[in-house]
Amino acid sequence: MEAITEIQERMARARGAFGEVKAEIARVIVGHEELIDQIFMALVCGGHCLLEGVPGLGKTLLVRTLGEILNLSFSRIQFTPDLMPADITGTNVLTDDPSGKKLFDFQRGPVFAHIVLADEINRATPKTQSALLESMQEQSVTVGGKVHRLPSPFMVLATQNPIEMEGTYPLPEAQIDRFFFKLMVRYPSRGDLGRIADLTTASLPPAPDKVLDGDGVLEIREWVRQVPVAEAVKDFAVRLVLATHPQESQGDGALPLARRFVLYGSSPRGLQSLILAAKARALLSGRPNVSFNDIRAVALPALRHRIILNLEADAEGMSVEKILAEALERVVEVP
Amino acid sequence: MSASLQEKFSVLIGWEKLKRREALLISALCYSLLFSLVASPAAALLPLWADPSVVPAVIFLVLAPALFLLRPWRTGDSLRAVWLLDRTLDMEERAITAWEILGREKKGSAELLVLEEAEGRLKGVDPKAIFKRRLTWQGISAPLFFLLWLLFVFLDDGARVERSFKASQASRAAAQLREFSRQLRDRAISQGLSESLEMARALERVAAERLAGEVDEKGLQENVAGLADGLRGKEEAGAGPSDLSFAMATAEGLLDLKAEMEALRTALLPDSAKGQEGSGREALERLGNLPRLKEEIGKRLPSFEKIEAKDLRSLLDRLEKQVAAELDRRTLVETMEFLDHLLRGMEARENQLLTGEAGPAEPGRSAQVEREKARGIFPGDQPGTKESAERSLPPFKASAGAHLKGLLGEGKGGSLSFRGEPKGGKSGVSQEEILASYRRQAEEELASERIPEALRETVKKYFLSLGMAEGKK
């Protein structure tokens, strides 16, 4: 068994690494502090993120910078309607060996990277989407009956453009549920815009330093899972997830907005994401255990894409954020 | 490390449990007093034996256990206490996590780190100082309710005493009536007074109705007044004794006369050896020793020496009826006087309560005053008077012989003297009954062979002389 001091050291290392990553990213990316935190949390939890934001907010730059700082390979896939699954996963290509024999050589697709940015995933056909989603789930690619493992750590950041939805193939809810977080990329503030202008229109910023590597990320992933969580805190997360359901039989009783506007509440994957993300947050904050505030902080990104609203919600203009806000307000920490 | 942390949590949870118990007891007390105050107008409906001042205690004894049963200390309460500690000290759930980890068998390094950090944060923390007792509205209200309740009890107590006094007064009159009816019944039976016996039964019925609560005080008064009026009417219609020769005779004289008639009747009993004629002669001889009877017979039959036995017997029957009727009349007169006296007492008490003067003093004291005022109806009913000087008691001579001088001569006598203070009050046995019993015993002794034949007349004369002495008085 490890000594307490070792635990304390690795906590300090994790926190330190996180701080350094944030600092390096801040040299290149303006704003998006919360987004960066959440992406890093998802990374150390082994999850994938769905980013939603209008074009030009720096999503690609962010992900690429993250890959550079973490010394992880990065690839970007621009999804278009004519994109084929093989364009993502790779395919067998007929080549000649040195002796001149014809053989099939597997050419890896762009998915074979540590960090993959799937841009506008909703533009591709469902078949192509499923190819990526399958690789997200299995962390491997099967081509021609042969399984090819994807590198570890492996993370997909998929984006959806909330405008220009014509001719798109929105991801089905069941597929969206596989994403660890759904993150909203907000438009930068006035001050941030000014800084963006300064940063990008003057001399090119220096390349960020590599502060962590893949092994370091995997190590942190392991530490995250060891963070203790009290039964009361876990019970709070459970009641929070149940509060998103419309049926009164779930949890302590359906909340008014959920009862009226929710068609389906969060799945158990939402609870897994909630607790893992809370553990990551506790670790990266330098705390030895998960707190109620950790759960609250990660509730929105972990659950917002897992709640399906009904038509009345569309008609009333009700959003998932409001429903989750009600749940966070009314579900007590200790009953 | 774990031990000190465990102890810290134990102190915290023990403290919260204590506060909970106190809060429940205060709540029970507050609600008991509040309910008693709200329900105080209904206290008049309680029976007299039920003291309304114990109502809050009774409610408390029921409510307190119920509250403890409804709100037992559960694991969730302990969790809440620890959670509150977390929030108060901003420990970010280190306390709750540590508290749970302490209950686990296996603890990893990460758990140990939590324990260490929690212990560090809780070092020097006194849960009692952080979570002090808070004054709830029940705690503030309970003393006020208590004071109000005390005031209500104080004000209500006078009313209850008054009601209790009224009830005791009413029942006392009925008890007196019942006692009198029993004495009357015993007397009527012993003296053979049929009308008095009937009256005694009627009085007992009236008393029983009141004591059983079948009639109220007013009803008792009406019944008693009715009986008294009935007796008065009878007395006025009868207008005096049935025989004028009895007018001056005392009750004791009439009883003596009755005893003499019994003695003579015994002598008139037919003797198989002597025959009818012989018993008549014997009866006349015996009549010589029965002065009262002889006088009465002489008044009715101046020359009775030659009377025959059957005539004597019928004369005795007539005399006996007359004596019984006179005794009956006198007893009924005394009964009427008693009923009048009882009615006066009841009216006086009623007026006293209505006007509120002197108030219902202690029932015992009032009864004592009444006893002192009331005249004794029967012999032995006179209350004993307290003599100013202490009576010197005769020296105690247990079984010691004494020298007496009697009619025949002097001789030794034996006596037993008992030291004691006579107490005034009603005797349990009527004097008439005792005298009649003594006379019968004396007659039986005379008729027995234990007394020598030569001394029988002497002994008989002695007993009869006692009656003559009283008649002269």
Count charges around residue A:278 for me, please; just the other residues with Cβ under 10 Å from its Cβ, Lys/Arg as +1, Asp/Glu as -1. +3
Calculate the length of the line joining the C-alpha centroid of segment B:110-129 to that of segment B:183-219, in whole Å. 88 Å
Return one quarter of the surface area of the convex hull spanned by the alpha-carbon atoms of chain A, equal to its mean projected area, in nm². 21.5 nm²
Residue by residue through segment A:37-52, the couplings from Karplus 6.51 cos²θ - 1.76 cosθ + 1.60 with θ = phi - 60°, in Hz, x for Gly and Pro, are 4, 5, 5, 5, 4, 4, 4, 6, 9, x, x, 10, 10, 10, 9, 10
So for segment A:207-327, using the alpha carbon gyration tensor with a ≥ b ≥ c as root eigenvalues (a/c under 1.5 gives rounded; past that, a/b versus b/c decides prolate or oblate), I'd call it prolate
On a 0 to 90° scale, report how tilted helix A:126-138 is relative to the longest principal axis of chain A, with both axes built from alpha carbons and the result rounded to the nearest 10. 80 degrees
Separation of the residue B:11 and residue B:90 label points, Cα + 7 Å toward Cβ, nm: 2.3 nm
What FRET efficiency, computed as 1/(1 + (r/R0)^6) with R0 = 35 Å and r the Cβ-Cβ distance, is obtained for residue B:175 and residue B:262, rounded to the nearest 0.05? 0.45
Please compute the length gained on full extension between residue B:208 and residue B:429, using 0.36 nm multiplied by the number of residues separating them and subtracting their Cα-Cα distance. 77.4 nm
Pseudo-spin-label distance residue B:182 to residue B:306, built 7 Å along Cα→Cβ, given in nm, is 5.7 nm
Once you keep just the Cα pairs under 8 angstrom separated by 6 or more residues, what percentage relative contact order results for chain A? 21 percent
Please give the length that would be gained between residue B:189 and residue B:317 if that part of the chain were fully extended, namely 0.36 nm times their separation in residues minus their C-alpha to C-alpha distance (nm, one decimal). 44.2 nm
Would you please give the FRET efficiency between residue A:73 and residue B:126, computed as 1/(1 + (r/R0)^6) with r the Cβ-Cβ distance and R0 = 60 Å, to the nearest 0.05? 0.60
Nearest 10 degrees, 0 to 90: what angle lies between the long axis of helix A:292-303 and the longest principal axis of chain A (Cα atoms)? 50 degrees
Shielded residues, segment B:74-92 - accessible-area loss of 30 Å² or more between chain alone and all protein chains, probe 1.4 Å: B:79, B:80, B:83, B:92
Measuring from the longest principal axis of the C-alpha atoms of chain A, the long axis of helix A:4-28 (C-alpha) lies at a number of degrees, nearest 10, equal to 70 degrees
May I ask you to evaluate 6.51 cos²θ - 1.76 cosθ + 1.60, the Karplus curve with θ = phi - 60°, for each residue of segment B:218-231 and list the ³J(HN,Hα) values in order in whole Hz, giving x for glycine and proline? 4, x, 4, 4, 5, 4, 5, 4, x, 5, 4, 5, x, 5
What list of ³J(HN,Hα) values in whole Hz, one per residue of segment B:130-138 in order, does the Karplus curve 6.51 cos²θ - 1.76 cosθ + 1.60 (θ = phi - 60°) give from phi, with Gly and Pro shown as x? 7, 9, 6, 5, 10, 8, 8, 5, 5
Amide H neighbours of residue A:183 under 5 Å, at least 5 residues apart or on other chains, H built in the peptide plane: list them. A:50, A:51, A:52
What shape does segment A:1-130 take by its C-alpha gyration tensor, where a ≥ b ≥ c are the square roots of the eigenvalues and a/c under 1.5 counts as rounded, a/b above b/c as prolate, and the rest as oblate? oblate
Got a sec? Which residues of segment A:208-232 lose 10 Å² or more of accessible surface with every protein chain in place, vs. that chain alone, 1.4 Å probe? A:226, A:228, A:229, A:230, A:231, A:232
Dividing the surface of the Cα convex hull of segment A:55-133 by four yields a projected area in nm² of 6.7 nm²
Checking the table A:146/A:279; A:102/A:127; A:279/B:123; B:258/B:299; B:218/B:321; B:299/B:461 against a 28 Å threshold on Cα-Cα, which pairs fail? A:146/A:279; A:102/A:127; B:218/B:321
Amide proton proximity set for residue A:263, modelled H, under 5 Å, gap of 5+: A:308, A:309, A:310
What accessible area, summed over both chains, is buried at the A-B interface (1.4 Å probe, Å², nearest 100)? 1900 Å²
Sorted from largest to smallest, which semi-axis lengths in Å does the alpha carbon gyration tensor of segment A:152-220 give for its equivalent ellipsoid, taking the root of 5 times each eigenvalue? 29, 25, 11
Just to verify a number: what accessible area does residue B:458 come out at with the full protein assembly present, 1.4 Å probe, Å² rounded to tens? 60 Å²
Near the amide H of residue A:244, under 5 Å away, which other amide H atoms are found, from residues 5 or more places off or on another chain, if H is placed in the peptide plane? A:266
Quote the relative contact order of segment A:26-104 in percent (integer), defining contacts as alpha-carbon pairs under 8 Å separated by 6+ residues. 16 percent
Counting alpha carbon pairs within less than 8 Å and at least 6 residues apart, what relative contact order, in whole percent, applies to segment A:60-187? 26 percent
Rounded, prolate or oblate: which fits segment B:1-100 when a ≥ b ≥ c are the square roots of the eigenvalues of the alpha-carbon gyration tensor, with rounded for a/c under 1.5 and prolate only if a/b beats b/c? prolate
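The values are calculated or read from the model by the stated rules, or taken from the named source; none is laboratory data. If you're wondering where the values come from, they're calculated on a predicted model, not measured in any experiment. Using ideal geometry, Cβ is built from the backbone for each residue, glycine included, and neighbour counts are taken over all protein chains shown. Remember, those area values only see protein heavy atoms, side chains included, never the ligands or the DNA or RNA. Shrake-Rupley method; radii C 1.70, N 1.55, O 1.52, S 1.80 Å.
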